[in-house]
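Working notes, beginning with the structure itself.
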Amino acid sequence: MKMPIALAEERRESSLSSKVIPKARREGPGAPNLADYDQARREFSWERARRELDGLPGGGGLNICHEAVDRHAAGPLRDHLAIRWLGKNGEISGTTYGQLLRLTSRFANLLRSLGVAKGDRVFVLAGRIPELYIAALGTLKHRVVFCPLFSAFGPEPIRARLAIGRAKVLVTTQSLYERKIKPLRAQLPFLEHIILIGEGHQTADVPGTMDYSRSMAEASDSYTIEPTDPEDAALLHFTSGTTGTPKGALHVHEAVVAHHITGKLALDFHPNDIFWCTADPGWVTGTSYGIIAPLTSGITSIVDEGDFDPARWYEILQSHKVTVWYSAPTAIRMLMKAGTDLVHRYDLRSLRFLSSVGEPLNSEAVLWSQEAFGLPFHDNWWQTETGGIMIANFASMDVRPGSMGRPLPGIEAAIVREKEDGSVEEIREPGAEGELALRPGWPSMFRAYWEDSARYKKCFAGGFYLTGDLARQDGDGYFWFVGRKDDVIKTSGHLVGPFEVESALLEHKAVAESAVIGKPDPVALEIVKAFVVLRAGFQPGEELLRELLGFARTRLGAAIAPREIEFVNSLPRTRSGKIMRRLLKARELGLPEGDISTLEAGYVHG
Ligand code: ATP
Ligand code: MG
């Protein structure tokens, strides 16, 4: 990455990013777990964090399922609700830690009876239904690698991932099987077992498959976890494919130390919390925080099978008395669109802590949540590769809207730049832009890109893991996202991160969403082009176009403001909700679209 230095004097800070939302003042049992940031960093060690977990009895190592389920089921939390299930047709049920112990043991025994052994891969292709969660934890219990697939994938992305991971077992529903797997079966010779779950169908007669309910009923509900080396493979997660072909990141059982401690410090889990992570386990957030972290903390998780719907979401928050809520910027921006009045129709006083991940969280969204919920969304940053939260706005710190926060205790983050000779140097000057880098060594760091060691090696230089994201750090240690290395725009000697431009446009009342790309230009190298989705009630037209161009120029300065704006009806996103700027660019330039396996269905250009 060789980059010219951005010219700071021409860059106008977004008017909102200088605002601060003061930290919540809570004392007594509800006080933030991380009370004093500097002290927590000083006193932190991963060995100490590891001691918050139990380890397998008799020094048998560390197993994610033991920490999440078995140890609680053997103690006072046995009858505590582990997961509250909300079905898409309004059904509600619950599973206690004691019940989860027996169910995951049955699944582990079922795998054993099939000859599935340590290190093999079990894939699950399903919506957010109980069996997915039982299969995930039972798989980990049996020391087999769990790999979730997003249920809305088409047949080809499913085939590719099953093939890359050499799946031995696939757990899926009958309808997904009929529609997506059966036509591919001949191309999946390595796949030995297909287990069909859910939907109340009689599945026993589907040739070439097994029935989950029957097999589970036949399996014993007692299982002793075999010694598990903390370095044993546990999870294979595919990245979102925002910047290219998705990569398979491999994580080990030791990752649970990071899942647990980040749940405690960054999501501020307290005993008796009701936690709702809205992410699907098809993405890493839905596993690290949608399954593992709340369970290791012994709290109750909400799992909602249904799709996004503002009124239904508020209803869930209200009726299940959710205390900690973890969501994503796309959802938050859609909630903003639905309006503040809607929020105020619900009693949401149980909410204590709001948090967001996955994309940059615009300062507008943070300020809106403060107005709507009386609480700010706390942005945090991490990746599939990091396995857990790395940078966060903590409950005990003032929130700087638009900032990702500060590194977790135990995490060393830095801004680095590649020198002419290819080596990497850290830049300590506050405000300087560069690549966000982390010192390797935290427990949930990925151990490999599946079958791509060359690519894995390329992520490390100068003693750092290079994240592929650009950021800057202010004088107080807060990190600010600039853009992905691949998305950054080089225009007339400046480096422009799309996020800054998108956030400035979002401050205009007509703008619901925007995505910014660099468009090749013979003079400027690239010009900044913005795609804008308007809020309801605003019409595209010359006048609004001129107004927005002028608005952005005043906010950002002429060098950085978009030169072109195009009004569009929607933006292309991954199924995990991330804007695919590379696709906008490819289409703008008439270039091949690349891997679009994770593109959300129904997107129409224009
Ligand atoms: P691919 O690597 O296949 O292109 P991806 O990077 O989108 O896909 P994920 O691992 O799911 O796959 O996403 C991690 C990325 O999401 C980060 O590298 C960053 O670009 C973005 N991201 C996550 N959280 C934040 C945040 N709080 N602010 C800004 N960006 C974020
Ligand atoms: Mg990535």
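Throughout, read-outs are computed from the coordinates displayed, never taken from laboratory work. It should be emphasised that the depicted structure is a prediction, and the values quoted were computed from it without experimental measurement. All Cβ positions, even for glycine, are placed from backbone atoms using ideal geometry, and neighbour counts span all protein chains on display.
Counted over the stretch 128-195 with a bin width of 5 Å, the fraction of Cα pairs per bin, in whole percents, is 3, 16, 30, 28, 17, 6, 0. When the square roots of the Cα gyration tensor eigenvalues are ordered a ≥ b ≥ c, the ratio a/c for the stretch 283-362 is 1.5 or more and a/b does not exceed b/c, which makes its shape oblate.
Taken about its Cα centre, the chain carries a charge dipole of about 480 debye when Lys and Arg each add +1 at the Cβ and Asp and Glu each add -1 at the Cβ.
In this structure the amide hydrogen of VAL482, modeled in the peptide plane, comes within under 5 Å of the amide hydrogens of LEU470, ALA471, ARG472, none closer than 5 places in sequence on its chain.
Annotation: amide H of ILE565 within the under-5 Å range of ALA530, sequence separation 5 or more or interchain, hydrogens built in the peptide plane.
In a fully extended conformation the segment linking SER45 and THR554 would gain 178.6 nm over its present Cα-Cα distance, using 0.36 nm per residue. Rounded to whole numbers, the Karplus 3J(HN,Hα) couplings from phi for the stretch 337-353 are 4, 6, x, 6, 4, 4, 4, 6, 7, 10, 8, 10, 5, 6, 4, 10, 9 Hz, using 6.51 cos²θ - 1.76 cosθ + 1.60 with θ = phi - 60°, and x at Gly and Pro. Between ARG78 and GLU564, the FRET efficiency estimated from the beta carbon spacing at R0 = 56 angstrom works out to 0.35. Taking a ≥ b ≥ c as the square roots of the eigenvalues of the Cα gyration tensor of the stretch 429-574, is the shape rounded (a/c under 1.5), prolate (a/b larger than b/c) or oblate? Because a/c hits 1.5 or more and a/b exceeds b/c, the stretch 429-574 counts as prolate. Close amide-amide hydrogen proximity is noted between CYS277 and ILE302, TYR326, each under 5 Å apart and 5 or more residues distant or on a separate chain (H modeled in the peptide plane; Pro and chain starts excluded). Relative to its Kirkwood radius, the Cα radius of gyration of the stretch 46-471 gives an Rg/Rh of 0.96. The Rg/Rh ratio for the stretch 409-457, using Cα coordinates for both the radius of gyration and the Kirkwood hydrodynamic radius, is 1.04. With respect to the cross-link table entries LYS457/LYS578; LYS337/LYS485; LYS88/LYS485; LYS180/LYS578, which display a Cα-Cα separation exceeding 32 Å? Exceeds cut-off: LYS88/LYS485. The DSSP beta bridges internal to the chain are antiparallel in roughly 55% of cases.
Each Cα pair of the stretch 273-325 feeds into the Kirkwood radius, which the Stokes-Einstein equation turns, at 4 °C and 1.567 mPa s, into a diffusion coefficient of 115 µm²/s. The stretch 225-258 and the stretch 51-75 have Cα centres separated by 19 Å. Compactness ratio for the stretch 167-302: Cα radius of gyration over 2.2 N^0.38 Å (N = residue count) comes to 1.26. When the helices of the chain are scored as -39500 (n - 2.57) per DSSP H run of n ≥ 4 and the total is divided over every residue, the value at 222 nm lands at -7000 deg cm²/dmol.
Contact order for the stretch 385-443, expressed relative to its length and based on alpha carbon pairs under 8 Å spaced 6+ residues apart, stands at 27 percent. Phi angles of the stretch 288-305 translate, via the Karplus equation with coefficients 6.51, -1.76, 1.60 and θ = phi - 60°, into HN-Hα couplings of 4, 10, x, 10, 6, 4, x, 5, 4, 7, x, 9, 9, 9, 9, 10, 10, 6 Hz per residue; Gly and Pro are given as x. Counted over the stretch 99-245 with a bin width of 10 Å, the fraction of Cα pairs per bin, in whole percents, is 12, 44, 35, 9, 0.
Per-residue 3J(HN,Hα) values for the stretch 137-145, derived from phi via the Karplus relation 6.51 cos²θ - 1.76 cosθ + 1.60 with θ = phi - 60°, read 6, x, 5, 5, 4, 8, 6, 9, 7 Hz in sequence order (x marks Gly and Pro). Taking each residue as 0.36 nm, the span from LYS458 to GLU218 lengthens on full extension beyond its C-alpha to C-alpha distance by 81.6 nm.
Counting only DSSP beta bridges whose two residues both lie in the stretch 489-589, roughly 80 percent are antiparallel. Classified by the C-alpha gyration tensor, the stretch 343-448 has a prolate form. Its axis ratio a/c, with a ≥ b ≥ c, is 1.5 or above, and a/b is larger than b/c.
Find the centroid of the Cα atoms in the stretch 513-583 and in the stretch 145-196, then give the distance between the two in whole Å. Taking the Cα centre of the stretch 145-196 as reference, the centre of the stretch 513-583 is 39 Å away. Shown here: the stretch 489-589, whose C-alpha atoms stretch 38, 33, 20 Å along the first, second and third principal axes, sorted largest to smallest. If you take all other residues with their beta carbon under 13 Å from the beta carbon of PRO22, and give Lys and Arg +1 and Asp and Glu -1, the sum is +4.
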